[in-house]
Amino acid sequence: MSVLIVLLKKNKIWVIVTLIAALLSNLSQMFCTLCIGSLVNKIENRAAIGFSFVALLGVFILLNALTLYFDQYIGRVTAEKMAHSLRMGYAGKLIRNAAGSEKSTDMATAMSVAQNELAQADAYLSNTFFNIFGMIFTGIIATVFLLFQNVILTLVLIIPTLLILVYVSFSSRKLAAVVADAMEEKRKMNKVAYSVVHAFGAVKVFEGESFAMKAYERSVLKWKDHAARTGRWSAVYNTLSGILSRIPLLLLLLAGSYMVIDGKILLGTLIVFLNLQNSLTMSVMNLPNWISGFKIFTTNLSRIGE
């Protein structure tokens, strides 16, 4: 985690700009959805729809597209800058260690980190890091926005979502443990490989090549078994969370339809909720995968910083 904090501090201006872009993108989406809901209400009440209202809706749709593009663009630029800082920081550390070390095993271990942990952390930063935090940010803003629209419908959406979070919390811990086991087996496999390579001359003298290769093959099989187990559990947990995440939508549709028929809310308000609930439920549905992915990322960073 200390390495992540260093990366954020080194690129703090870009990180701040990324957060502002995410906020603007979400706000424009909220107001655009609100205008669409108001348009539906006007049609339902057979009220006059003026040119100014249509123009305002068009402006919000355009702003939503522009801010979404800016958010995606600046997020990718910031992620790449952080990934570049990580690569350059590790390269500097590698050079310093090489200058003060005469052991080939130290360099072999360092190159392994560059090929495995560094490559995975770099890919996570470039492709996933800000997208995940952007979706979580969107879910929080959508919840606050919906509370101002209708408290009862928001509670209908939030309460089952919180119950689902209990399951998600359990599954995330279980999946994170499985992922940690797989990573530990991979590390053991790499250690066996380095030992075989480093001591291959001595092993060959005593005709122990077959013994060394069998030891390496056993470590590879163990890692493959743990990797397959990780894939199976990830599929199970994410499938269940995906099914459960539809429950809030079903309850919202039933409660909202009843309130519309009873005249307690207008159809446009229900449409606003139906459009924005996905921002919340999508976050819940993907939480197990996100948490396990973040666990791998922070573990890789801690090994890079060792």
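The values are calculated or read from the model by the stated rules, or taken from the named source; none is laboratory data. This is a predicted model, so every value here is computed, not measured. So basically every Cβ, Gly included, is an ideal-geometry build from the backbone, and we count neighbours across all protein chains shown.
Points worth noting:
- Criterion violated by Val260 - all others in (1) out of contact with any Gly (no Cβ under 9 Å at 6 or more places or on another chain); (2) at pLDDT below 75 satisfied: (2)
- Every pair of residues 6+ apart whose Cβ atoms lie under 6 Å, when the first sits in segment 140-164 and is touching a residue at least 40 places away in the same chain (Cβ under 8 Å) and farther than 21 Å from Val260 by Cα while the second is of a type in the set (Ser, Thr, Tyr) and in a helix (DSSP H, G or I): Ala142/Ser279
- Scanning segment 12-29 for residues that are of a type outside the set (A, V, I, L, M) and either out of contact with any helix residue (DSSP H, G or I) (no Cβ under 8 Å at 6 or more places or on another chain) or farther than 21 Å from Leu146 by Cβ (or both) gives Lys12, Trp14, Thr18.
- Among the residues making up segment 1-18, those that are in contact (Cβ under 8 Å) with a residue 60 or more places away in the chain and either in a helix (DSSP H, G or I) or in contact with a Lys or Arg (Cβ under 8 Å, 6 or more places away or on another chain) (or both) are Ser2, Val3, Leu4, Val6, Leu7, Leu8, Lys10, Asn11, Trp14, Val15, Val17, Thr18.
- Just one residue in the set Lys191, Lys186 is buried (at least 18 other Cβ atoms within 10 Å of the Cβ), charged (D, E, K, R), under 26 Å from Gly293 (Cα atoms) and modelled with pLDDT under 75; that residue is Lys186.
- Flag if Ser85 is of a type outside the set (D, E, K, R), over 18 Å from Met30 (Cα atoms) and more than 28 Å from the chain's Cα centre (by Cα): no
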